Amino acid sequence: MYRFLLTPRWWGINVFVLLAIPFCVFMGSWQLGRFEERVESHRSAGEQAESAKRSAARPLDELLPVDQETSGERATATGRYGRQLLVPDRKLDDRRGYYVLTLLRTGDGKSLPVVRGWLPGDADPAKAPAAPEGEVTVTGALQASETPGSNGVSAAGGLPEGQTAAISAASLVNLVPDDLYDAWITLDKGDSGMKAVPATAPVNTGLDLKAFQNLGYTGEWFVFAGFVVFMWFRLLRREVEFARDAELGLVTEEEPTREDGPSREDGPSRDGERAREAASP
């Protein structure tokens, strides 16, 4: 009854199934591993942020370049404030407002973007407090340059003079002539009565949309594996039913066998032809 499994058609089906199931399981396991990595990264980032709040501030140069290990660490830098810019459309405590960003020119001639605080409402240069004069030492959480269009950072252009959508060297280089650090810090305490801006988690360490996409893909690959098994058993059952019907004489050798079984219209037409042949002299 199961001799049909040795036909070329079923050899092809079996080989496909034997390859498809491990592949689907492998891909599902890989996507699950990616999700678990993001969960672990999210947990580690939270622990790192808490640890950074309690750790002593270190000189800026010791923490550069910014990576997932140094992002959020408390850094200190000394210099003089220079050009001031505003970063509009930034939320804090579910309220819309803007950052006050001031460039700190350090002793090595480079400028460090410093977020001195947050103010509610529309970005207004008249309401933004002026930066302290003279040499100052600032302390805050070190942050990597932002990427426009990701993590809530606006990619809008055409902003008024004195505003920037993203805090990054690539964006600020078009607005100021300074040689910039590829990093920025947000002060531990807001300057001049402004609210301090909390540090953000490093890129690719949060439970964002990509993390849940990995989880969704995990389910899809395992569903595909189950579907392949289901279809193989369904095809096998159909072939066994045809073979059993043939053994019982329900399917004659003269009648064509098809994937969907013998046609109901073929039987009467064949019987009619046999009756005419028997009646003819």
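The values are calculated or read from the model by the stated rules, or taken from the named source; none is laboratory data. Keep in mind it's a predicted model, so treat the numbers as computed, not measured. A quick note on method: Cβ atoms are made from the backbone with ideal geometry, for glycine too, and the neighbour counts reach across all protein chains shown.
Tell me yes or no: at least one residue of segment 88-101 is over 31 Å from the mean Cα position of the chain (by Cα) and either more than 23 Å from Asp67 (Cα to Cα) or aliphatic (A, V, I, L, M) (or both). No, there is no match, as no residue in segment 88-101 is over 31 Å from the mean Cα position of the chain (by Cα) and either more than 23 Å from Asp67 (Cα to Cα) or aliphatic (A, V, I, L, M) (or both). For Leu248, the test of being over 31 Å from the mean Cα position of the chain (by Cα) and surrounded by 15 or more Cβ atoms within 10 Å (Cβ to Cβ) is failed.
Out of segment 111-143, which residues are closer than 15 Å to Ala169 by Cβ and at pLDDT 95 or above? Within segment 111-143, Ser111, Leu112, Pro113, Val114, Val115 qualify. The residues of segment 168-186 that are surrounded by fewer than 18 Cβ atoms within 10 Å (Cβ to Cβ), hydrophobic (A, V, I, L, M, F, W, C) and touching a Lys or Arg at 6+ places or on another chain (Cβ under 7 Å) amount to a single one, Val176. Counting the residues of segment 54-75 that are among the charged types (D, E, K, R), over 25 Å from the mean Cα position of the chain (by Cα) and more than 11 Å from Thr139 (Cβ to Cβ) gives 3. When Val66, Val39, Val100 are screened for being of a type in the set (A, V, I, L, M) and at pLDDT 95 or above, only Val100 passes. When you look at Thr106, is it farther than 16 Å from Arg83 by Cβ, β-branched (Val, Ile, Thr) and either without any contact (Cβ under 8 Å) to a residue 40 or more places away in the chain or surrounded by 13 or more Cβ atoms within 10 Å (Cβ to Cβ) (or both), yes or no? Criteria not met by Thr106.
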